[in-house]
């Protein structure tokens, strides 16, 4: 079996890192794995390639493909990919990005190559004003080839895609996302001291953590609006990890609203924006609570990561989140209930020590479930690929 994992890059991003993990694990099942990245200007490309090969990838390829390619760039990329899959005799291509999935469908027209597409979002949520026409075009293209299959990262995302696409349920497999536990478990006290010093947080103050791209549907402005009345009076610090999404007008509006809320309520001293961090799990390990306010969620990978560090969760109750986060140890709140969200945060922070420890243990046990491990995910993907080839 010869599999090509096709991704923009493997350096950051939820599905991109999952693709990298898959690429570096499938060889354990006797699969010849090839990778293709569109970000050909990756820093230290040679060492990047060497690292992939060292971790089980047979060959690593790069292709020049702009984010919004013109017709000439698109055609050139199609010919490059088509030549690559023919030369390397690829059996299956896996993609997780809508754009690269569409690109791959067009490339594979008239070939016998199987294409497996990861469904990492919830479809047809018109009220969120996602690019519905792009979703529709993606849907139309998926109908062009009978050798196109799908895997969804939750039961809810499968149901969403099946209802939207009307595809045969047998062509969509649920394969959960996986997480990796911290390998470098440095002293929590030492890391906490260092982190608090870096962001000028006084000792013995509690941290409420939020992590994810800062954008309109993640709604960090909702978190701030919900929590501003309790931050100062309870000596709480809201730590927000993640980069701003500047590619969407509504996300820019979210950024402006965040700044307005902070200034209006004079809470600059109790909020820390940390940007993208490689040490997110370490930050989770020293936090007291994880909050999540999204309008849509196909799985909730960051929630599972927080639970693996024993953190209690207060989140909006949408889409696939209940598949990962359980009540009453954690709280799931309606999307517009700022007061309820705030009260749930206070309820968690006011738990006694014994209850907090018990909740922490239960959350860790959920995150340790076999179905959320990298080994199990790779095994399920291998079985799925093998079953497709055996049809």
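The values are calculated or read from the model by the stated rules, or taken from the named source; none is laboratory data. Treat the numbers as computed from the prediction; the structure is a model and nothing was measured. For neighbour counting, all protein chains shown are included, and Cβ atoms are generated from backbone atoms with ideal geometry for every residue, glycine included.
Might you let me know whether the range 5-24 holds any residue that is in a loop (DSSP other than H, G, I, E, B), in contact (Cβ under 8 Å) with a residue 60 or more places away in the chain and more than 26 Å from residue 111 (Cβ to Cβ)? For the range 5-24, residues in a loop (DSSP other than H, G, I, E, B), in contact (Cβ under 8 Å) with a residue 60 or more places away in the chain and more than 26 Å from residue 111 (Cβ to Cβ): present.
For the criterion of being in the same structural domain as residue 272 (by TED's automatic domain parsing) and part of a helix (DSSP H, G or I), residue 209 fails.
A count restricted to the range 161-177 and to residues that are in contact with a strand residue (DSSP E or B) (Cβ under 8 Å, 6 or more places away or on another chain) and either part of a loop (DSSP other than H, G, I, E, B) or in contact (Cβ under 8 Å) with a residue 60 or more places away in the chain (or both) stands at 3.
Just one of the listed residues (329, 288) is in contact with a strand residue (DSSP E or B) (Cβ under 9 Å, 6 or more places away or on another chain), under 30 Å from residue 158 (Cα atoms) and either surrounded by fewer than 21 Cβ atoms within 10 Å (Cβ to Cβ) or modelled with pLDDT under 95 (or both), and it is 329.
Can you work out which of the residues in the range 144-162 that are in contact with a helix residue (DSSP H, G or I) (Cβ under 8 Å, 6 or more places away or on another chain) and under 22 Å from residue 91 (Cα atoms) is surrounded by the fewest Cβ atoms within 10 Å (Cβ to Cβ)? My answer is 144.
Within the range 90-105, not a single residue is surrounded by fewer than 17 Cβ atoms within 10 Å (Cβ to Cβ) and assigned to a loop (DSSP other than H, G, I, E, B).
Counting only helices (runs of 4 or more DSSP H) that sit completely within the range 313-391, those holding 3 or more residues that are within 28 Å of residue 220 (Cα to Cα) and touching a residue at least 12 places away in the same chain (Cβ under 8 Å) correspond to 321-324, 338-349, 353-367. Just so you know, in the range 268-285 the residues that are surrounded by fewer than 18 Cβ atoms within 10 Å (Cβ to Cβ) and outside any strand (DSSP E or B) include one that is modelled with the lowest pLDDT, and it is 278.
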